[in-house]
Structures are given as C-alpha cells and as structure tokens.
Amino acid sequence: MSDSNSTATSSSASPIWLYSYIKLRFFNRIRRFLRSKNARKRPTPSDHFDTSSSRTAKVISNNNEATMAGPVLEKQSGDDHEDDVLGLQRAVKKLHFGVCWEERELAAMEIGTLAKEDVKVRKLVGGLGVISVLVSMAASEVVARRRAAVSALIELANGTYTNKALMAEAGIFSKLPKDINILDEPTRHQFAELLLLLSSLANTQFPLSSLETLPFLVGIIESGTSSIETKETCLGALYNLSTMLDNAGNLVSNGVVEALLNLSSIKELSEKALATLGNLVVTLMGKKAMENSAAVPESLIEILTWEDKPKCQELSSYILMILAHQSSDQRVKMANSGIVPTLLEVALLGSSLAQKRALKLLQWFKDERQAKMGPHSGPQTARFAIGSPLGSPVNPREAQQGKKMMKNLVKQSLYKNMEMITRRASASGDSSKLKSLIISTSSKSLPY
C-alpha cells in the first residue's frame with residue numbers, strides 16, 4: 001500500500017514540478033531580455049525640476065522645444081518597446097497556461113502580430129517553447145484555431161533559419177491535412193505560404209524530407225477550386241524542392257511532372273512551372289517522365305509561340321533541347337508535331353537566348369536523316385555517304401546536285417514560313433519590319 005501511495009504522489013507532483021520549471025525558465029528569459037534593452041537605452045533628462053525651473057520652462061523658445069523633442073520621442077519609443085515585450089510575456093504565458101482554447105487562440109494571434117513587427121521578437125519567441133505549441137494547434141480541426149496557429153508560424157518562420165528548423169523538428173509536415181477538400185481557400189493559402197518558407201531548408205544542410213509535403217502541394221495545384229495565387233505559391237515551394245537532385249525521385253513518383261505540364265499551359269503560372277520542369281529534366285527519372293507524357297512535345301511547342309512571354313520561350317526551348325539531345329525518337333516526335341516552322345519563327349523574332357537555342361535545335365534537325373548524335377554538339381555529318389560501297393565517297397557531280405536540291409528545299413521552306421510569320425504580324429500591325437527582314441534574307445539559306 002505504501003509503495004502505491006508514494007507512486008501516486010510522485011506522479012501527481014511531477015506535472016507541478018514541470019510547470020514550475022517551465023515558468024521559471026520563461027520569466028528568466030524575459031528578465032534578461034528586458035535588462036539588455038534597458039542597458040542599451042539612452043539616458044533621458046531628469047523629470048525632477050524645482051518651481052523656479054518650471055517657471056523658466058514656460059518661456060523657452062520654439063527652437064529649444066524642438067531640440068528637446070528628440071529625447072522625448074526616444075523615451076516614448078522605448079516605452080512602446082517595453083509595452084511590446086510585456087505584451088509578448090503575457091501572450092506566451094497565455095499560450096502555455098491558458099485555461100481555455102479561446103484564450104490560447106488570442107495569444108497565438110498576438111504573438112503573430114508582435115513577431116511581424118520585430119525580428120528580435122521572432123528570435124526570442126523561438127526559444128520559449130512556443131513553436132511546438134503552435135504546431136500542435138495547426139493540426140486542430142477547429143478552423144479559427146488552426147488559422148491563428150498557422151498565421152503565427154508564418155511570421156515566426158519569416159527570415160529565421162532556426163525557427164524553420166524548430167518547426168520541422170516539431171513535426172509540422174506530419175500535421176498537414178490529408179484531404180485538402182476540408183480546407184477553405186484562405187487556409188489553403190496560409191499552409192502554402194508556410195510550406196514555401198519551410199521549403200527553403202532544402203538548400204541548406206538541414207535534412208528536409210519532401211515525402212510528407214508533396215501530396216499536399218500536388219493536391220492544391222491539381223485542385224480546380226484553388227486560386228491562381230495559391231497555386232503560384234505552391235509552385236514556388238516545388239521549385240525549391242526541385243533544386244535538390246535527391247528529391248527528383250519523390251517528385252516524379254508523386255505525379256509532379258504531369259501536374260507541372262498541365263500548369264505550364266496557363267500563362268500566369270507557366271514560368272514557374274517550366275522552371276521546375278527545367279530542374280527535373282536534367283535527371284534521369286524526370287526526363288523519362290516527360291518523354292512518356294502525352295503532353296510532350298505539343299504543349300512545349302505551343303509555348304514557343306508566346307511572343308509576349310519571352311522567358312517562357314527560353315525555358316521551353318531549353319527543355320526541348322534536353323529532350324532532343326541523343327534521342328532520335330523525341331526528334332521524330334517533335335518534327336511530326338510541326339516544331340520546325342515554330343523554331344524558325346523563334347530564331348527570327350525571339351529573345352537572344354531563345355534564338356540561340358532555336359538555332360541549335362534547327363541545326364540538329366537539318367541533317368537528321370544523315371547524322372548521328374555526338375556527345376556534346378548534337379548530330380554530326382557522317383564521314384561517308386550512306387549508300388556508297390565500302391564507305392567510298394560519292395560522285396562529286398551527284399554531291400553538287402544534292403547540295404543544290406537541299407538549298408532549294410530550304411529556300412522554299414523559308415519563303416513559306418516567312419509568309420506565315422508576315423500574316424501573323426500583320427494582325428498586330430507590325431508587318432513593315434518583317435517585310436524588310438524578308439527582303440534582306442530571301443537570298444540566304446538558314447543561318448546554322
């Protein structure tokens with residue numbers, strides 16, 4: 001009996017001791033913080049004046065009043081800062097020891113407001129055990145409680161690596177809702193904004209796993225009810241994750257490639273989607289997923305026609321170059337999809353970088369039937385004619401006739417595409433420049 005009584009007594013005393021210890025640590029930290037602030041405060045003039053000095057103060061000139069206004073304002077700002085610290089002290093105390101959830105929700109909102117205004121408050125709060133409490137509140141099914149916690153976490157994560165790492169260690173990724181349909185649009189945007197901030201850990205030494213975040217991010221960008229702003233925020237998080245090649249396998253297996261290809265056709269989201277695809281296409285799994293997609297290469301060729309989106313043209317031509325390099329099947333698919341006329345248009349009217357990439361692709365398509373892909377520079381001209389016996393050179397006369405025939409075909413293709421480009425430009429009233437370009441280049445072959 002005595003053993004059981006002692007066990008019960010120790011178990012009941014344990015929480016009391018733990019709460020006392022937490023309170024002691026909290027107040028010690030606040031006391032040190034206040035002392036450091038008071039030590040840095042500039043001394044203000046004494047407020048103790050005798051009767052004669054107070055009479056003299058009434059006749060002070062306007063210049064002297066303006067001179068004394070500086071210390072007064074400094075004192076007021078110092079008092080405001082002390083009020084903020086005291087408010088933070090009360091908010092943290094309510095968050096830890098509040099008697100009801102409504103009190104804790106208000107405390108979380110107050111912490112978020114104070115952290116938004118002062119970066120020093122963010123760093124101080126991170127060491128007071130607040131983040132783990134907010135992370136547990138973010139998993140609540142009560143909408144107001146969850147939104148208050150996520151909003152505070154966003155402010156605490158802004159610009160502080162330590163707080164981001166503390167949130168990841170507290171299990172914020174495992175607290176993400178499994179079904180995004182239960183979330184309203186403002187809550188979705190809050191979670192997306194928080195994940196965008198936390199995804200920057202992928203570029204650090206912190207071991208950030210993408211497995212728990214990807215289903216949530218993919219669910220939002222594939223949802224028809226999510227706003228453009230929320231999807232754009234999720235794309236930023238996916239881009240940060242794609243910068244680490246080790247995450248490529250998880251991204252591909254969670255259907256990110258297909259989702260990004262669908263979003264790339266939306267002009268407001270295309271640039272970020274293409275930038276993420278550009279990070280994935282250089283990996284084996286990412287390139288394979290794009291090659292097997294039904295949207296490739298048609299969707300990427302369509303983006304090349306967006307004259308008002310030069311950055312999207314550059315990113316799309318880059319992805320097409322990676323896919324076409326050392327892949328005869330992909331080059332055939334591109335040729336059958338009508339890529340050559342589009343590349344000619346980009347080579348004439350695109351940005352400097354887009355022109356270079358378009359010309360490189362055109363060079364690869366030029367001798368596709370007679371060349372083989374080199375390791376770095378694309379298809380190279382074969383050393384011997386394909387139909388000659390034992391690799392002997394062809395008749396010089398036949399070679400000359402073949403060159404003339406090839407030039408005629410190139411000219412015909414150039415005239416045809418110039419006419420098509422002129423018709424497109426005429427609709428926008430800018431045909432004079434193109435007509436002069438046609439006159440100056442009509443007697444030339446393609447500038448490979």
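Gain on full extension, evaluated as 0.36 nm per residue between residue 117 and residue 332 minus their Cα-Cα distance, stands at 71.6 nm. Kirkwood's formula applied to the C-alpha pairs of region 294-337 gives a hydrodynamic radius of 10.6 angstrom. Extension gain for residue 106-residue 295 works out to 63.2 nm (0.36 nm per residue, less the C-alpha to C-alpha distance). For the residue pairs 93/120; 116/178; 311/333; 164/311; 309/333, the C-alpha atoms sit more than 20 angstrom apart in 116/178; 311/333; 164/311; 309/333. Projected label points at residue 142 and residue 352, each 7 Å from Cα along the beta carbon direction, are separated by 6.0 nanometres.
Which residues does the label zone of residue 262 cover in region 298-316, counting backbone N under 20 Å from a point 7 Å along Cα→Cβ? Residues 298-303 fall inside that zone. Spin-label model, residue 97/residue 184: points 7 Å from Cα along the beta carbon direction are separated by 3.4 nm.
What accessible area per residue, rounded to a whole number of Å², is obtained for region 295-372 using a probe radius of 1.4 Å?
With all protein chains present, region 295-372 gives 44 Å² per residue.
Taking the protein heavy atoms of region 295-372 in the context of the full set of protein chains, the accessible area attributed to carbon and sulfur is 49 percent at 1.4 Å.
Per 0.36 nm of contour for each residue apart, how much would the distance between residue 307 and residue 228 grow if the chain were fully extended, relative to their Cα-Cα spacing?
Roughly 26.2 nm would be gained on extension.
Pull out a ≥ b ≥ c, the square roots of the eigenvalues of the alpha-carbon gyration tensor of region 83-172, then state rounded if a/c is under 1.5, prolate if not and a/b is larger than b/c, and oblate in the remaining case. Since a/c reaches 1.5 but b/c is at least a/b, the shape of region 83-172 is classed as oblate. Given axes a ≥ b ≥ c from the Cα gyration tensor, I'd like to know whether region 217-339 is rounded (a/c under 1.5), prolate (a/b larger than b/c) or oblate. Note, shape of region 217-339 comes out oblate. With a simple spin-label model that places each label point 7 Å from the Cα along the Cα-to-Cβ direction, the separation between residue 162 and residue 340 comes to 6.4 nm.
For region 295-372, the C-alpha radius of gyration divided by 2.2 N^0.38 Å, with N the number of residues, is 0.98.
The values are calculated or read from the model by the stated rules, or taken from the named source; none is laboratory data. In this text the structure is predicted, and so the values were computed from the model without any measurement. Please note: Cβ atoms are built from the backbone with ideal geometry, for glycine as well, and neighbour counts cover all protein chains shown. To get the accessible areas, we keep the full protein, side chains included, count just its heavy atoms, and leave off ligands, DNA and RNA. Shrake-Rupley method; radii C 1.70, N 1.55, O 1.52, S 1.80 Å.
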